[in-house]
Amino acid sequence: MKKNILITGGAGFIGSHVVRRFVNTYPDYHIFNLDSLTYAGNLENLRDIETKENYTFLKGDITNENYINKIFEEYDFDSVIHLAAESHVDRSISDPLAFAKTNILGTMILLNAVRVKWKDDFQNKLFYHISTDEVYGTLGEDGLFTENTPYDPNSPYSASKASSDHFVRAYGETYNLPYIISNCSNNYGPFQFPEKLIPLFINNIINDKPLPVYGDGNYTRDWLFVKDHALAIDNVFHNGKEKETYNIGGFNEWKNIDLVILLCKIMDEKLNRSKENSSEKLITYVKDRPGHDLRYAIDASKIEKELGWQPTVTFEEGLEKTINWYLNNIEWLQSVISGEYLEYYKKQYNK
Ligand code: NAD
Ligand code: DAU
């Protein structure tokens, strides 16, 4: 079936894996990747597919209402997969308004454009919102987040994502807009901007820089390889039920400090560092993140049972692939950190 799909945030980490999967797997779909190319968006992530006939890049900002309305008039989108967001918790603590603007207002502007454009015909239409497990707040030492866990966000980032989830649901109830939401745990893998724990620490180990562990390091996250998230998004998009929520996670909890020690061990092997010179000596305990959530852990049994999705990559395999990718792509790392690359592409696409 032919479809015109708008994917927002497709030049970012998860978005680029989703765009690649859809462009390569579904030649009948035309994929429009809308991204404003913030510091986190990088067209290098999509170089292998950028000349495909079923792919179009649109440089634009989801908070620009005129622009969003214009593209909805210009292209006949059947579906939206919405990933564009400010995504880093630490940045949300220093600049909360930027998160409210993109994550809340930007999502509403998209919802409104969809409501106006699809008003008389919701058949075969879908607004799929990609969200996070952080909306549920924090767990104690035990228990798992289910789709029925009440929202209880603690950071400006998670509050903005919770708010956007609420607006998506509200548009579903009020205007009958067909939507699905999925809430995923921590992703890792190739093309992740080196501000998040795993790529930041890989980069710092390569460069012999301190590894800043927040607080006592006894915080727990549930890690999923990014390509498994892209597979889940594909599955939910095609098989998920309208007005439902799906939690996505790999039943793969790690305390930060244990994960950091494992990373050091694998990196030492790759970089031929001796025990005496182990990267572990770079571990530095620093001031805690304000409002730091103790533990996230997803109960992914609904998506497993109802849609037959399961992770395909073990954590050992995923970490190995990720570390190898960063070691083989040092230039990518240097360019996204320097910002030179972004400048180059901004010039290319600023028409
Ligand atoms: P990212 O920061 O790597 O990418 C975000 C992308 O959105 C970038 O390409 C950026 O240029 C674009 N963008 C930002 N503001 C924009 C705007 N105003 N207009 C248009 N484009 C804009 O983020 P990510 O880690 O790939 O996360 C993608 C989505 O998945 C987000 O909605 C995030 O909340 C959600 N999520 C992320 C994780 C994770 O572990 N990274 C887990 C669960 C859910
Ligand atoms: O759970 C899903 C969320 O995972 C996504 O919605 C977010 O977009 C994504 O950024 C991620 O949020 P976290 O805050 O969990 O990820 P981060 O990589 O920033 O941190 C992971 C853990 O590591 C967290 O407990 C904080 C800690 N940490 C992080 C950094 C960057 C450190 O100890 N030191 C650091 O330098």
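The values are calculated or read from the model by the stated rules, or taken from the named source; none is laboratory data. Bear in mind that the values here come from a model prediction, so they are computed numbers and not experimental data. Glycine gets a Cβ as well: all are built from the backbone with ideal geometry, and neighbour counts include every protein chain shown. We work out accessible area using only protein heavy atoms, side chains counted, and drop any ligands, DNA or RNA first. Shrake-Rupley method; radii C 1.70, N 1.55, O 1.52, S 1.80 Å.
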Cβ pairs under 8 Å, 6+ apart or interchain, first in region 290-310 and under 18 Å from Ile233 (Cβ atoms), second acidic (Asp, Glu), ordered by first then second residue, are Ile298/Asp133; Ile298/Asp222; Lys302/Glu147; Gln310/Glu304
Might you let me know whether region 25-44 holds any residue that is in contact with a strand residue (DSSP E or B) (Cβ under 9 Å, 6 or more places away or on another chain) and charged (D, E, K, R)?
-> yes
Taking region 1-41 on its own, how many of its residues are within 16 Å of ligand 2 (Cβ to nearest atom) and either farther than 14 Å from Val80 by Cβ or open to solvent by 20 Å² or more (accessible area, probe 1.4 Å) (or both)?
-> 10
Filter region 45-71 down to residues that are of a type outside the set (A, V, I, L, M), buried (at least 20 other Cβ atoms within 10 Å of the Cβ) and part of a helix (DSSP H, G or I), then give me how many there are.
-> 1
Across region 72-114, the tally of residues that are away from ligand 1 (no atom under 12 Å from the Cβ) and open to solvent by 70 Å² or more (accessible area, probe 1.4 Å) stands at 6
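In the set Pro190, Pro194, which member is within 24 Å of Asn252 (Cα to Cα) and either more than 11 Å from ligand 2 (Cβ to nearest atom) or assigned to a helix (DSSP H, G or I) (or both)?
Values: Pro194 fails: either more than 11 Å from ligand 2 (Cβ to nearest atom) or assigned to a helix (DSSP H, G or I) (or both).
The unique qualifying residue is Pro190.
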Evaluate region 136-151: report whether one residue or more is crowded, with 22+ Cβ neighbours inside 10 Å and assigned to a helix (DSSP H, G or I).
-> yes
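Condition check ((1) under 17 Å from the mean Cα position of the chain (by Cα); (2) among the aliphatic types (A, V, I, L, M)) across all residues:
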site	(1), (2)
Ile130	yes, yes
Leu139	no, yes
Phe145	no, no
Pro153	no, no
Pro156	yes, no
Asn176	no, no
